[in-house]
There are 2 protein chains.
Amino acid sequence: MIAPFGTRLDSVFGSKGHLCVGVDPHPYLLTEWGLTVDAAGVRSFGLAVVEAVAASEWVGIVKPQVAFFEAYGSAGFAALEDVLAAARDAGLLVIGDAKRGDIGSTNDGYAAAWLTPGSPLEIDALTVTAFTGVGALGGLFDRAEAAGKGVFVLSATSNPESRGLQTARTAGASGVSVSRLVADEVAERNTDRTRLGDFGLVLGATKRLDDYGFAAEALRTLSTTPVLAPGFGFQGAEFPVIPHVFGPLAPNTVVSVSRSILQHGAAGLAAAIAADADALAEVIA
Amino acid sequence: MIAPFGTRLDSVFGSKGHLCVGVDPHPYLLTEWGLTVDAAGVRSFGLAVVEAVAASEWVGIVKPQVAFFEAYGSAGFAALEDVLAAARDAGLLVIGDAKRGDIGSTNDGYAAAWLTPGSPLEIDALTVTAFTGVGALGGLFDRAEAAGKGVFVLSATSNPESRGLQTARTAGASGVSVSRLVADEVAERNTDRTRLGDFGLVLGATKRLDDYGFAAEALRTLSTTPVLAPGFGFQGAEFPVIPHVFGPLAPNTVVSVSRSILQHGAAGLAAAIAADADALAEVIA
C-alpha cells in the first residue's frame, strides 16, 4: 500500500527540499538546446532534465508541462510516457501540469489517465482547474486518494489577467473571492489534519494573496494544505518573497522553477539546479 | 485560404442543422457495445460514430470527448487521431471537447496540438477553460483565428456544482457574474459583427441563464456569438427548452447530444441520430 501523496510530499520536503524543476520543452528552448522541434526533441529534453534532477542531491520533484508534449499529438504523449517512466525509475515525485478538469464522469477519464497505478501516464499529482466548481471534481479526488495520489487545484494564478475572475465574490453576506472559495473547498477535502494533505492549491508567487481574498487568518485555516507555487524566475518572483507571500503555508510549498533553469542548456542544468537549491534552502529549511 | 470557423459553422447549420453528436466512449458504453475497454475499443467506437454521422443527411458536427481517449495514454491519442482523420475525410465539423487552458506561452502548446492545420490532432474548434481570465487566452485566440479555427470557452456549465463560482460577482458598481465576465470578454473578440463569430461559449442547457447573470438584454449583446450547448438527453434538458433558455442565441446553438444517442449501440445509432435530428429541426429551423 503506497503512502498518501501528502505524506510522500512531506518526506521529499524533508530529504530533498522544496525545489521543483519544470520540464517545459518550449520550442525555443529545444532550438537553443540543439534539439529538433518534434516528439523526439521533447523526449530528449525531458530525459535530460530528469537525469540532471535525479543526479542532484537536493531536488526530488519534477513538473512536466503537458502542453509542450501534447503539441506533437500521440507521438508527443509517447515521449512524455518515456520521460515519466524515467522519473519514476529515478524515484522522483512527479507533478503533471496538465490543468485538466471537466464535469462528472468525464473526470474519470482524466483520473484513469494520470492518477491510476500502472497507467502509462501515471504521475504522483495532477494540476486541475475547477471553473465548474470544486464539487464537480469529487470523483477525481476520490480516485486520487484511493491510489495515494494528489491533486493541485488552480486558486490564485500567477498571470496578470487572473484578477477580475479570481477576485469576484460569491453571493451573500459571507461572500468570499473565487480564489478563496476554491481554496476552502479543496482544504475541506484534507480531513486528516495531523499531516500534510493530498489536495493542494496552485497559488502564484507573483501575487499579494490578500488581494485575492486571503487574509492572514485564511492562510492559517489552510495550514495542512500543500501549495504548488509557480511564478519564480522568468515570471519575476524571487525566493525571498516566499515567507511574505505564503506566510504559514511557506513550509507546504512546492517551489517550481522552469525557464530560469532550463535556459542554461543540458550542459548547464546541474549547476543551475544546484544554485537554485542552495538559494532556496536559505529561505525554507 | 480556409473560411473562418464561424462562417463554416453557420454553413453547417444551414445545410445540416444544429445537432452535434458526442463521441464519448465511456468504459460502460464500450462494454455495452461489445468492445474492449482499451485504445482499440475507443478507436472502434469513435470510427463507428463518425461513420453513422457521416451517413446521416442531417448531422454535420461531432464532438469527441478527449478525456475518454486520454485515459489510455499515447495509444488513446493515436486512436483519437484516427477518429479525427475519419471525421475530416467525411467533411464533418469537429469540436474537440478537451477543456484545455493555461497561461501565456503554455497555451501555444495546446494551439499547436489542436488548432494547427496538418497537426495529427487537428480539429475545427476546441473547448477551453478560462479560470485564469479570458485575457490569458489571447495567444490561443490569435492562433485559432489565423488558422480559420474556433474556440468555445466555458461560461455557464451544465453541472449542478457550478453555481457558487460562476455566479460570483466582479468588483465594483458595474460588477457582473463570472459567467457573464467570460461571455463578454469572449464576445469582444468577435469583431466582425456581420457574421457568426469564431469564439463561442459553452452554456449548459440545464440552466436558467438569468440565474447566471444573463439578463435577456445581455443575451442580445452576444448575438453573433456561437454557443455550444451540452446537457441534453442524459443530463436532463430537452430540445423544446432551447428557445426559452437561449433566446436570441438559439439560432447560434450547437446542440450536443451524447449518451442518449450512444446508448443505442452501433446498430441503433443511425435511427437514434435521425430521431434526434428530426426532433431538433422542429425547434430550430
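Considering only residues of segment B:89-112 that are within 18 Å of B:His18 (Cα to Cα) and not hydrophobic (A, V, I, L, M, F, W, C), which is nearest to the other protein chains (Cβ to nearest Cβ)?
Within segment B:89-112, the subset within 18 Å of B:His18 (Cα to Cα) is B:90-97.
When the remaining residues are screened for being not hydrophobic (A, V, I, L, M, F, W, C), the result is B:91, B:96-97.
Working: B:Gly91: 22, B:Gly96: 12, B:Asp97: 8 Å.
Taking the candidates together, the pick is B:Asp97.
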Checklist entry - A:Ala52: over 30 Å from B:Glu81 (Cβ atoms), out of contact with any Pro (no Cβ under 7 Å at 6 or more places or on another chain) and outside any helix (DSSP H, G or I), yes or no? => result no
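Checking the conditions here, which among A:Val227, A:Val245, A:Val257 is touching an Asp or Glu at 6+ places or on another chain (Cβ under 6 Å), of a type in the set (A, V, I, L, M) and surrounded by 19 or more Cβ atoms within 10 Å (Cβ to Cβ)?
Of A:Val227, A:Val245, A:Val257, the one residue that is touching an Asp or Glu at 6+ places or on another chain (Cβ under 6 Å), of a type in the set (A, V, I, L, M) and surrounded by 19 or more Cβ atoms within 10 Å (Cβ to Cβ) is A:Val257.
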Checklist entry - Restricting attention to segment B:138-150, which residues are touching a helix residue (DSSP H, G or I) at 6+ places or on another chain (Cβ under 6 Å) and either among the acidic types (Asp, Glu) or within 17 Å of B:Arg180 (Cα to Cα) (or both)? => result none
Checklist entry - Restricting to helices (runs of 4 or more DSSP H) lying wholly in segment A:172-282: which have 2 or more residues that are over 18 Å from the mean Cα position of the chain (by Cα)? => result A:178-188, A:216-221, A:242-246, A:265-281
Checklist entry - Which fully enclosed helices (runs of 4 or more DSSP H) of segment A:84-166 have 3 or more residues being in contact (Cβ under 8 Å) with a residue 40 or more places away in the chain? => result A:138-146
Next on the checklist: Which condition from (1) touching a residue at least 60 places away in the same chain (Cβ under 8 Å); (2) closer than 30 Å to A:Arg43 by Cβ is the one that B:Val53 breaks?
Outcome noted: (2)
Checklist entry - When segment A:114-147 is examined, which residues are found to be more than 17 Å from the chain's Cα centre (by Cα), closer than 30 Å to A:Lys16 by Cα and of a type in the set (A, V, I, L, M, F, W, C)? => result A:Ala146, A:Ala147
Checklist entry - Limited to segment B:14-44, what total is found for residues that are part of a helix (DSSP H, G or I), crowded, with 21+ Cβ neighbours inside 10 Å, out of contact with any Phe, Trp or Tyr (no Cβ under 6 Å at 6 or more places or on another chain) and not small (Gly, Ala, Ser)? => result 1
Checklist outcome for this item: Within segment A:113-172, of all residues that are more than 11 Å from every other protein chain (Cβ to nearest Cβ) and of a type in the set (Phe, Trp, Tyr), the one farthest from A:Val66 (Cα to Cα) is A:Phe141
Checklist entry - Which condition number does B:Ala216 fail, the rest of (1) of a type outside the set (Asp, Glu); (2) at pLDDT 95 or above; (3) over 23 Å from B:Phe68 (Cα atoms); (4) surrounded by fewer than 17 Cβ atoms within 10 Å (Cβ to Cβ) being met? => result (2)
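The values are calculated or read from the model by the stated rules, or taken from the named source; none is laboratory data. All values reported here derive from a predicted model rather than from experimental measurement. Heads up, the Cβs are rebuilt from the backbone with ideal geometry, glycines too, and the neighbour counts pull from every protein chain shown.
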